[in-house]
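Single-structure report; data block below.
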Amino acid sequence: MIDPAIDDFFAERKEAWLKKNISATMQEWEVREKEQECEQNFLLTNWLPDAAKRAGQISVASHPCTFSHPSARKNKNGYVSSIIAKNKPQADGFLRSGNVNVELDALGNAAALDVYKFLSLAMADQRTLLVHIEQESELAKQLLTLPNCDYQTLRDGFLKMIDIDQESISSSKIKQVYFPVADNEYHLLSLLTHSGYLFELRKRLDVLRFGDEVKQARECRKLNQFHANGYREIFGLTTIGFGGTKPQNISVLNNQNAGKAHLLASIPPELKPRNLRLPKTDFFKECFTAWQAKEVLDALHSLLNTDYNNINIREGRVRIPAKLNSDSGPT
């Protein structure tokens, strides 16, 4: 036994194969032949070399191009480059690559998804099998050392899943923006969807809306009963589909989520009208007319020109501007 996760993987694969290939109408000898065939198919010496050859049909990516267009993966120049964002997390307050811990996605031939699942198995040390093979751990050496196949050949075959070509290839089907960088020069940006973040949002929204505690809180509200935590509601959600009836043609994560993701409402805010209209250029011209202030300004002018200076004069100078403000303020 190399690792329990690997044993469980092959046990599930064998069970699924037998369920598909054995029917109730078969003779007993036919069932035995199918069982023997199943054991041969999933022997490590037979299954691993075939899986290593098929691994290159799957590409691991954080931003699969197929979310822009299902046929964007390949064009006349070859396969579109697989993008794996490896940004470091930083407490900068931005929702960006690296700041949310999500699993990588994969796209390619749906017939090779079993190889992706195999390499994504978490071993006893919580590292995936792909990481073990990449780092050439003792577990990987033990697994890939077979009498009928070269170790390095198997390792190189499995690592093709994460190989990134030196040449960057894009597709005309991907949403693109020419961003100006200098005089008469532009940098081409290919806008891609971070599928890990897309489905992490769906996961969190589903927990927020349909979790067990939320269901209990809704039931308490229905019965007019107290609930300590209550629940929150998210309005204006939109569900978007990718891949139609074949979500597996888009990516692995898309297939796991039945091709459905949630989008938050993105609309302009509703501003409340203000009762006060503030002046933009000239307070005296925009906020009141001359005839409204003539009487008050004449009285103030008379006080400012008088030769007397006593308490009544000083209070009058304070009172008149206040009256001007209350009678002719901005509206």
Inset, instruction - Would you kindly work out the equivalent ellipsoid of region 1-147 from its C-alpha gyration tensor and give its semi-axes, the square roots of five times the eigenvalues, largest first in whole Å? - result: 35, 21, 15
Legend entry - 12 Å beta-carbon shell around F67, net charge (K/R +1, D/E -1): +2
Legend entry - Local net charge near P49, Cβ-Cβ under 13 Å (Lys/Arg +1, Asp/Glu -1): 0
Inset, instruction - Along Cα→Cβ, 7 Å out, is where each label goes; now give me the distance between the ones at L95 and D206 in nm to one decimal. - result: 1.8 nm
Inset, instruction - Kindly provide the pair-distance distribution of the chain built from C-alpha pairs, with 10 Å bins from 0 and whole-percent values in order of increasing distance. - result: 4, 15, 19, 17, 12, 9, 7, 6, 5, 4, 2, 1, 0
Legend entry - Cross-link table K117/K141; K19/K160; K86/K173; K74/K246; K19/K203; K53/K74, entries beyond 22 Å C-alpha to C-alpha: K19/K160; K86/K173; K19/K203
Legend entry - Positive-end residue, region 232-285 charge dipole about Cα centroid, Cβ charges, pick of F283, N257, T245: F283
Legend entry - Highest to lowest packing among 60-68, 288-296, 274-282, scored as the average C-beta count within 10 Å: 60-68, 288-296, 274-282
Inset, instruction - May I ask which residue of N41, V115, H187 lies farthest towards the positive end of the charge dipole of the chain, with charges of +1 (Lys, Arg) and -1 (Asp, Glu) on Cβ and the Cα centre as origin? - result: H187
Legend entry - Net charge contributed by nearby residues that have their C-beta within less than 15 Å of G230 (K/R +1, D/E -1): +2
Inset, instruction - Treating the angle as unsigned and between 0 and 90°, give the value, to the nearest 10°, between the Cα long axis of helix 44-54 and the longest Cα principal axis of the chain. - result: 50 degrees
Legend entry - Label-point separation in nm, D125 to Y308, each point 7 Å along Cα→Cβ: 9.9 nm
Inset, instruction - Mind putting a number on the dipole of region 1-122 about its Cα centre? Charges go on the C-beta only, +1 for Lys and Arg and -1 for Asp and Glu, and I need it in Debye to the nearest 20. - result: 880 debye
Inset, instruction - Please go through region 195-278 and write out the GluC sites (Glu not before Pro) that DSSP classes as loop and that have at most 12 other C-beta atoms within 10 Å. - result: E233, E270
Legend entry - Along principal axes, Cα extents of region 61-157, largest first, whole Å: 49, 41, 20
Legend entry - Among 84-95, 149-160, the order from most to least packed when residues are scored by Cβ within 10 Å on average: 149-160, 84-95
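Each value in this text was obtained by applying a stated rule to the coordinates, not by laboratory testing. These numbers were taken from a predicted model, which means no experiment stands behind them. Counting neighbours? That spans all protein chains shown, and the Cβs are built from the backbone with ideal geometry, glycine included.
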